[in-house]
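Take a look at the structure below.
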Amino acid sequence: MRKFTQLDALVAPFDRANVDTDAIIPKQFLKSIKRSGFGQNLFDEWRYLDHGEPGQDPASRLPNPDFVLNQPRYRGAAILLTRDNFGCGSSREHAPWALEDFGLRALIGTSFGDIFYNNCFKNGLLPIRLPKVEVDGLFDQAAHAPGYRLRINLETQTVIRPDGKALSFEVDAFRKFCLLNGYDDIGLTLRHADKIREFEAIRRIEQPWLFSENL
Amino acid sequence: MPKTLYDKLWEDHLIRQEEDGTALLYIDRHLVHEVTSPQAFEGLKLAARRPWRVGSIVATADHNTPTKGWERGIEGIADETSRLQLQTLDANIREYGALAYFPFRDPRQGIVHVIGPEQGATLPGMTVVCGDSHTSTHGAFACLAHGIGTSEVEHVLATQCLLQKKSKSMSVEINGRLGRGVSAKDLALALIGKIGTAGGTGFAVEFSGSAVRGLSMEGRMTLCNMAIEAGARAGMVAVDDTTIDYLKGRPLAPQGSQWDRAVTVWRKLKSDPGACFDAVVVLDAGQIGPQVTWGTSPEMVTGIEGAVPAPEDFADPVTAEGVVRALQYMGLTPRTPMTAINIDKVFIGSCTNSRIEDLRAAAAVVRGRRVAASVKLALVVPGSGPVKRQAEAEGLDKIFLAAGFEWREPGCSMCLAMNDDRLEPGERCASTSNRNFEGRQGNGGRTHLVSPQMAAAAAIAGHFADVRVLL
Ligand code: SF4
């Protein structure tokens with residue numbers, strides 16, 4: 001997994017609440033058996049005026065000029081500013097894969113869909129929850145300042161505005177540790193393999209029906 | 001200290017905990033389907049790892065499978081990538097193994113959340129995971145059931161554990177009696193209408209109260225299924241006689257002396273008297289009528305007597321803006337009575353409402369009536385092979401067919417339209433599924449979530465209608 005330590009990047013303000021994972025990556029693109037290449041279909045139904053199917057050449061598509069990520073001023077944005085409950089809905093990890101593949105590294109909003117929030121951390125994407133007034137403030141600044149950038153420091157857990165004001169955010173210590181170091185969870189968990197085996201052995205004796213193999 | 005059911009399930013699976021509360025939970029049951037597993041198996045292979053315990057895995061193909069033309073086999077699936085996903089699942093299960101596998105066309109194949117309980121693969125006290133958000137369904141059996149992402153699928157395959165932080169707990173107590181024509185689906189929609197789609201975020205929800213105790217297992221599954229639409233990580237219901245009666249004799253349920261031992265353990269799976277919840281919501285089932293959604297989020301819902309709202313009804317500007325967009329997408333005008341909204345298609349199915357009881361409820365409305373001529377397609381898609389055969393044994397298929405419904409093979413079907421069953425742009429559907437997001441049932445499609453009875457009533461009337469008049 002890619003490390004996340006600090007980021008200084010252009011911000012794309014995406015002023016919608018309840019953006020669901022079906023909108024982030026529509027289902028026709030879930031049929032891939034790979035993890036990469038989803039970025040070109042990120043927000044497909046909003047980003048393009050024509051209907052998208054897997055395997056199309058993006059150059060042949062009709063981009064929707066009104067869609068935020070298609071506007072030249074936001075080209076290269078790595079921070080997406082959003083409203084409440086971004087990433088609600090399905091558990092598809094294709095959503096963070098698509099965001100990451102598109103080039104986004106951090107999301108800022110008031111709240112996120114629970115499974116989506118989890119999935120982001122597994123893919124080097126940092127979802128940041130800030131209070132509503134602070135998010136409102138960022139939207140306000142971004143609207144009035146072309147080329148609006150933010151600095152994010154995961155170590156100090158701060159988002160630093162261009163005017164120098166630092167907004168602090170919460171992140172679980174374990175998730176932070178994994179993200180800062182680019183560690184993959186599986187390797188970390190397997191350090192406890194003995195404990196897992198021990199637990200399993202006791203469970204097998206106490207509740208053998210959980211281990212039934214009689215179909 | 002008195003414990004909640006959630007506390008008990010959590011503690012019973014806790015292997016260790018980091019200082020920040022990140023816990024390693026042991027996973028008893030891992031349900032696998034074709035869409036979210038390929039990348040996980042690929043990751044496993046790349047890291048030269050093996051599944052920790054294949055005996056925990058129950059796999060099926062459901063999301064992509066066609067609902068007709070089964071006689072043509074996998075070659076009959078026109079979409080190449082759908083076929084590839086089914087073949088990839090086959091290859092992975094062949095290589096690694098599973099406790100049970102119900103591939104495409106197996107007589108026991110079906111929607112992963114229908115077959116788990118049906119086969120007795122979901123048992124009280126288990127942790128159940130699946131790369132699918134509606135895994136919350138299994139909480140109806142007093143399980144701790146989480147939907148997980150593909151990286152977590154790989155993590156569970158490799159370690160038999162899941163990294164989790166404990167959620168806060170919410171009690172949703174639904175008292176009173178359900179009115180005629182009102183079902184668990186209406187309770188779920190009314191709850192989401194009340195607390196919002198983010199209302200349960202960060203919570204594990206326990207459903208209780210006399211109305212919940214009065215529900216069958218099917219009804220409880222519908223309720224827990226929709227917990228995720230309220231934003232909750234998990235939904236659950238305590239064990240009682242209804243739970244135990246449902247499980248007795250299921251293929252994977254314990255038998256003989258093991259059954260008796262298991263039942264003794266299961267009986268303890270309920271919140272202690274006086275257990276403390278972080279949030280409490282109380283609903284009166286008697287006050288809830290049949291529900292219909294009007295927007296593009298399950299919280300955009302009203303009773304059948306209601307009307308489409310106007311943006312100015314909402315004080316918060318972001319919400320009002322969302323309503324403007326939703327009405328535009330849905331092609332609806334404020335103040336239109338719900339009963340004046342005509343529909344093009346009807347879908348009875350999905351892991352929310354495709355079990356035998358759902359089909360019985362819909363058939364009771366349909367019996368002796370005809371689907372309105374203006375309805376282009378009315379589909380019934382049973383949740384599994386066994387549900388389909390049971391319904392046929394009861395003659396329900398005949399009732400649906402005589403009325404003009406199509407009777408299909410099991411699968412997810414038009415719930416998410418990954419196969420050929422879908423809405424065309426602008427088409428309006430009365431659907432028993434769980435999500436009315438933009439494009440969910442097909443690009444440009446307009447979904448209204450309802451119960452099976454209400455979907456049946458809409459099919460007959462050609463527009464949304466109060467099923468209570470038909471009963
Ligand atoms: S029926 Fe729908 S919600 Fe349920 S598992 Fe299938 S696609 Fe997901």
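The values are calculated or read from the model by the stated rules, or taken from the named source; none is laboratory data. Source: prediction; values computed, not measured. For neighbour counting, all protein chains shown are included, and Cβ atoms are generated from backbone atoms with ideal geometry for every residue, glycine included.
For region B:232-244, which positions are in a loop (DSSP other than H, G, I, E, B) and either more than 14 Å from chain A (Cβ to nearest Cβ) or at pLDDT 95 or above (or both)? Step through it out loud before you land on a result.
We begin by selecting, within region B:232-244, every residue in a loop (DSSP other than H, G, I, E, B); these are B:232-233, B:238-240.
Within region B:232-244, B:ALA232, B:ALA238, B:VAL239, B:ASP240 qualify.
Just need a number here: residues in region B:173-203 that are part of a strand (DSSP E or B) and modelled with pLDDT under 95. Step through it out loud before you land on a result.
Of region B:173-203, the ones part of a strand (DSSP E or B) are B:173-175, B:203.
When the remaining residues are screened for being modelled with pLDDT under 95, the result is none.
Summing the residues that are part of a strand (DSSP E or B) and modelled with pLDDT under 95 in region B:173-203 gives 0.
Just for region B:127-172: of the residues that are under 14 Å from A:ASN118 (Cα atoms) and of a type in the set (Ser, Thr, Tyr), which one is modelled with the highest pLDDT?
Ranking the candidates gives B:SER167 first.
Among the residues of region A:1-15, which ones are of a type outside the set (S, T, N, Q) and outside any loop (DSSP other than H, G, I, E, B)?
Step one: list which residues in region A:1-15 are of a type outside the set (S, T, N, Q), which gives A:1-4, A:7-15.
Of everything in region A:1-15, those that are of a type outside the set (S, T, N, Q) and outside any loop (DSSP other than H, G, I, E, B) turn out to be A:LEU7, A:ASP8, A:ALA9, A:LEU10, A:VAL11, A:ALA12, A:PRO13.
Scan region A:127-136 and give yes if some residue there is under 26 Å from A:GLN71 (Cα atoms), away from chain B (no Cβ under 11 Å) and in contact with a Lys or Arg (Cβ under 7 Å, 6 or more places away or on another chain), otherwise no.
Within region A:127-136, none of the residues are under 26 Å from A:GLN71 (Cα atoms), away from chain B (no Cβ under 11 Å) and in contact with a Lys or Arg (Cβ under 7 Å, 6 or more places away or on another chain).
Would you call A:PRO146 away from chain B (no Cβ under 14 Å), under 27 Å from the mean Cα position of the chain (by Cα), part of a loop (DSSP other than H, G, I, E, B) and in contact (Cβ under 8 Å) with a residue 60 or more places away in the chain?
Numbers: away from chain B (no Cβ under 14 Å): yes; under 27 Å from the mean Cα position of the chain (by Cα): yes; part of a loop (DSSP other than H, G, I, E, B): yes; in contact (Cβ under 8 Å) with a residue 60 or more places away in the chain: yes.
Judged against the criteria, A:PRO146 is a match.
Of all residues being part of a helix (DSSP H, G or I) and closer than 16 Å to B:ASP28 by Cβ in region B:117-135, which is farthest from the ligand (Cβ to nearest atom)? Just the residue, please.
Filtering region B:117-135 down to residues part of a helix (DSSP H, G or I) leaves B:117-118, B:133-135.
Cutting the leftovers down to closer than 16 Å to B:ASP28 by Cβ gives us B:117, B:135.
Details: B:PRO117: 13, B:THR135: 9 Å.
Result: B:PRO117.
For region A:52-94, which residues satisfy the criterion of being among the β-branched types (Val, Ile, Thr) and assigned to a loop (DSSP other than H, G, I, E, B)?
A:THR82
Taking only region A:151-194 into account, find how many residues are assigned to a helix (DSSP H, G or I) and in contact with a strand residue (DSSP E or B) (Cβ under 7 Å, 6 or more places away or on another chain). Outline the logic, then answer.
Here is the first cut: in region A:151-194, the residues assigned to a helix (DSSP H, G or I) are A:173-181, A:185-190, A:193-194.
Next, only the ones that are in contact with a strand residue (DSSP E or B) (Cβ under 7 Å, 6 or more places away or on another chain) stay: A:174, A:179, A:185, A:189.
Adding up the residues that qualify gives 4.
On the basis of being facing another protein chain (nearest Cβ under 10 Å) and surrounded by fewer than 21 Cβ atoms within 10 Å (Cβ to Cβ), does B:ARG50 make the cut?
Values: facing another protein chain (nearest Cβ under 10 Å): no; surrounded by fewer than 21 Cβ atoms within 10 Å (Cβ to Cβ): yes.
No: the conditions fail for B:ARG50.
Could you check region B:82-116 and list, in sequence order, the residues that are part of a loop (DSSP other than H, G, I, E, B) and within 14 Å of the ligand (Cβ to nearest atom)? Even if it seems obvious, please write down each step before you answer.
Initial filter on region B:82-116 (part of a loop (DSSP other than H, G, I, E, B)): B:97-99, B:103-109, B:111.
B:GLN109, B:ILE111 - these are the residues of region B:82-116 that are part of a loop (DSSP other than H, G, I, E, B) and within 14 Å of the ligand (Cβ to nearest atom).
To keep it simple, each residue is scored yes or no on (1) at pLDDT 95 or above; (2) loosely packed, with under 15 Cβ neighbours inside 10 Å.
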residue	(1), (2)
A:PRO13	yes, no
A:ASN18	no, no
A:ILE24	yes, no
A:LYS31	no, no
A:ARG35	no, no
A:GLY55	no, yes
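If I go through region B:53-79 residue by residue, how many of them are more than 9 Å from chain A (Cβ to nearest Cβ) and away from the ligand (no atom under 16 Å from the Cβ)?
Residues in region B:53-79 being more than 9 Å from chain A (Cβ to nearest Cβ) and away from the ligand (no atom under 16 Å from the Cβ): 13 in total.
Mind checking whether some residue in region B:3-15 is among the polar types (S, T, N, Q), within 16 Å of the ligand (Cβ to nearest atom) and crowded, with 20+ Cβ neighbours inside 10 Å? Give the steps one after another, and end with the answer.
In the first step, residues of region B:3-15 are kept if they are among the polar types (S, T, N, Q); the result is B:4.
With within 16 Å of the ligand (Cβ to nearest atom) added as a condition, the list becomes none.
Scanning region B:3-15 turns up no residue that is among the polar types (S, T, N, Q), within 16 Å of the ligand (Cβ to nearest atom) and crowded, with 20+ Cβ neighbours inside 10 Å.
Do we have B:ALA262 as aliphatic (A, V, I, L, M), within 25 Å of B:VAL58 (Cα to Cα) and facing chain A (nearest Cβ under 10 Å) here? Show your work before the answer.
Values: aliphatic (A, V, I, L, M): yes; within 25 Å of B:VAL58 (Cα to Cα): yes; facing chain A (nearest Cβ under 10 Å): yes.
Against the criterion (aliphatic (A, V, I, L, M), within 25 Å of B:VAL58 (Cα to Cα) and facing chain A (nearest Cβ under 10 Å)), B:ALA262 qualifies.
Conditions (1) within 30 Å of B:SER171 (Cβ to Cβ); (2) of a type in the set (A, V, I, L, M, F, W, C), marked per residue:
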{"residue": "B:VAL265", "(1), (2)": "yes, yes"}
{"residue": "B:ALA275", "(1), (2)": "yes, yes"}
{"residue": "B:GLY303", "(1), (2)": "yes, no"}
{"residue": "B:GLU312", "(1), (2)": "no, no"}
{"residue": "B:VAL324", "(1), (2)": "no, yes"}
{"residue": "B:GLN328", "(1), (2)": "no, no"}
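Of these, A:ALA173, A:ALA193, which one is within 9 Å of chain B (Cβ to nearest Cβ) and over 27 Å from B:VAL58 (Cβ atoms)?
Values: A:ALA193 fails: over 27 Å from B:VAL58 (Cβ atoms).
The match here is A:ALA173.
Could you please find all residues in region B:414-448 being within 13 Å of the ligand (Cβ to nearest atom), within 12 Å of chain A (Cβ to nearest Cβ) and of a type in the set (D, E, K, R)?
Once the filter is applied, which keeps residues that are within 13 Å of the ligand (Cβ to nearest atom), within 12 Å of chain A (Cβ to nearest Cβ) and of a type in the set (D, E, K, R), region B:414-448 yields B:ARG422, B:ARG435, B:ARG440.
Can you confirm whether B:ALA190 is under 18 Å from the mean Cα position of the chain (by Cα) and surrounded by fewer than 24 Cβ atoms within 10 Å (Cβ to Cβ)? Spell out how you get there, then give the answer.
Details: under 18 Å from the mean Cα position of the chain (by Cα): yes; surrounded by fewer than 24 Cβ atoms within 10 Å (Cβ to Cβ): yes.
Criteria met by B:ALA190.
Residue by residue through region B:341-356, note down the ones that are within 12 Å of the ligand (Cβ to nearest atom), assigned to a loop (DSSP other than H, G, I, E, B) and either in contact with a Cys (Cβ under 7 Å, 6 or more places away or on another chain) or without any contact (Cβ under 8 Å) to a residue 24 or more places away in the chain (or both).
The answer is B:GLY349, B:SER350.
Could you please let me know if B:ARG408 is away from chain A (no Cβ under 12 Å), within 16 Å of the ligand (Cβ to nearest atom), among the basic types (Lys, Arg) and surrounded by 18 or more Cβ atoms within 10 Å (Cβ to Cβ)?
Numbers: away from chain A (no Cβ under 12 Å): yes; within 16 Å of the ligand (Cβ to nearest atom): yes; among the basic types (Lys, Arg): yes; surrounded by 18 or more Cβ atoms within 10 Å (Cβ to Cβ): yes.
For B:ARG408, the condition - away from chain A (no Cβ under 12 Å), within 16 Å of the ligand (Cβ to nearest atom), among the basic types (Lys, Arg) and surrounded by 18 or more Cβ atoms within 10 Å (Cβ to Cβ) - is met.
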